Amino acid sequence: MADGPAGTHPRPSRLGAALLVSAFVVATCGLVYELLAGTLASYLLGDSVTQFSIVIGTYLFAMGMGSWCSRYVLRDELAIFVRVEILIAAIGGCSAAALFLLFDRVSDFRIPLYGLVLAIGALVGLEIPLLMRILKDRLEFSDLVSKVLTFDYVGALAASVLFPLLLVPHLGLMRTGFLFGLANVGVAIALIVMLPGKRRLRAELAAAIIVAIVLAVGFALSERLQRSAEVAVYGDPILYATSTPYQRVVITKRGDDLRLYLSGNLQFSSRDEYRYHEALVHPVLSRVRAPRDVLVLGGGDGLAVREILKYPSVASVTLVDLDPEMTSLFTNSAMLATLNHGAFRSPRVHVINADAFSWLRANERRFDAVLVDFPDPTNFSIGKLYTVSFYRELARVLAPGAMVSVQSTSPLVAPRAYWTVATTLEAAGLITRGYHVYVPSFGEWGFVLASNRPIGPPAPLPAGLRFLTPQTDALAFVFPPDMARRAVPVNRLDNQSLVREFEAEWAVYEG
């Protein structure tokens, strides 16, 4: 930028300080937009490692292209920097809302997703070279590089810490996008106001104010936009929705059908969940003589615990679920507590909110029965809970003659993934028997029994079950040829083969 006559610009130190602060804001906002895209991709497309990897790679490539394009900016660097800030604010600030609203309206969601990542990355890549050129006449070269990069890296650290700990849990994805868009456009407005020659930037100032108003309205209406997008995705009225540090929790209700979704994946329908939970619980407890101490891993809705409490011999149920929001919701909501028959308020039930892997490693107590009710292995963070390392820890806490049941996805849709669970349990030293039942909301669904002793027939089942009988229990262990056992590898922490098998088989089924 060519300097004018003396006295026509603000003092270098004042403008220089403002520009260095803008480097911090630029870096923070840029990384937040990248994290928003990666999180949304993992929520909506699954496989968080793949989605984050592609988003980060695409974003960094786009930044490199933006930096390369900065060479063609030959004059008016500060004015162009302001315009870039306004563009980033508009595109990045609205990115989360736009992606949510587009998800079910486009044939290939990856096109708008990576298009936005490329656009934001290119603009962010353009900013830093422009900033350094603007500051080159105000700072020594060594000071220039060290200060700009310091503010840039500190901003990136701030974003990476704030995003999972504060922004997503308390604001959600849409509000976070709008908030940081406002920060970007705020930098643009501040720089325009500081410049004595701001009259020539009247159009930019007007554009910045309009963008700021749009972003502020979006921030205020973000919950309504989120619900509108989710209604389109889920197809039913949304009764409750919240973002926790671990997942997006959505509950829908149409007529008498109450449904729980975690990060977009259906967990149960109140019309037929009894089939799933009776099949998860009773084949285990009916094969353990007078079970007293029962462990449930996952199952934060309390529906499995409801079934466990039907056994008078059970003195203690320990439930370990990562998300306190889930267990609190199904404890304190009258409607949801009715579904689980107030299971979490029973004096026999003890709820622990912790990572199941870490908790299991530290636990020394032994249990007569264990119910493993984790979500499907859609990503590597869940996949670790299906590995031989995890199952060895599980085997360690089993009392003599104890038994385990593991929900294991559909043996019809994903037979290789299903039998990987059984193979991995066996690699941990356990004896297994697979079984399956039909749950209308999910289709043919599979479980695996595992024990440190041979698995025999069941004892009499509790009275009042709606689905499971001695006859349906016996039939559940019969597999037709299309669901018969396959030769599959053991799922280990260092290969996570189960996640890849699951993703590939469900992708074929869903087209």
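Sort the chain into rounded, prolate or oblate with this rule: let a ≥ b ≥ c be the square roots of the eigenvalues of the Cα gyration tensor; rounded if a/c is under 1.5, and if a/c is not under 1.5, prolate when a/b is larger than b/c, oblate otherwise. Prolate. Under the convention that each Lys and Arg Cβ holds +1 and each Asp and Glu Cβ holds -1, the size of the dipole of the chain around its Cα centre is about 560 debye. Between 0 and 90 degrees, rounded to the nearest ten: what's the tilt of helix 12-45 against the longest Cα principal axis of the chain? For helix 12-45, the angle is close to 30 degrees.
Sorting 302-311, 497-506 by average packing, meaning the other beta carbons within 10 Å per residue, from highest down gives 302-311, 497-506.
Give me Tyr33, Tyr234, Tyr438 sorted ascending by neighbouring Cβ count inside 10 Å, so fewest comes first.
The order, fewest Cβ neighbours first, is Tyr438, Tyr234, Tyr33.
Dipole magnitude for region 12-230: computed about the Cα centre from +1 point charges on Lys and Arg Cβ and -1 point charges on Asp and Glu Cβ, it is near 660 debye. Between the listed residues Ile86, Leu425, Tyr234, the Cα displaced farthest toward the positive end of the dipole of the chain, a dipole computed from Cβ unit charges relative to the Cα centre, is found at Ile86. Considering only Ser95, Leu35, Ser146, whose Cα is most displaced toward the positive end of the charge dipole of region 17-150, charges sitting on Cβ of Lys, Arg (+1) and Asp, Glu (-1)? Toward the positive end, the furthest listed residue is Ser146. In the chain, helices alone account for a calculated mean residue ellipticity at 222 nm of -18000 deg cm²/dmol, with every DSSP H run of four or more residues adding -39,500 (n - 2.57).
Count Lys and Arg as plus one, Asp and Glu as minus one, and take only other residues whose Cβ is under 11 Å from that of Glu501; the net charge is then +1.
Listed from fewest to most Cβ neighbours within 10 Å, the set Glu223, Glu34 follows the order Glu223, Glu34.
Read-outs: derived from the displayed coordinates by stated rules, not from any lab. Remember, it's a predicted structure, so these values are computed and weren't measured experimentally. Note that each Cβ is placed from the backbone with ideal geometry, even for glycine, and that neighbours are counted across all protein chains shown.
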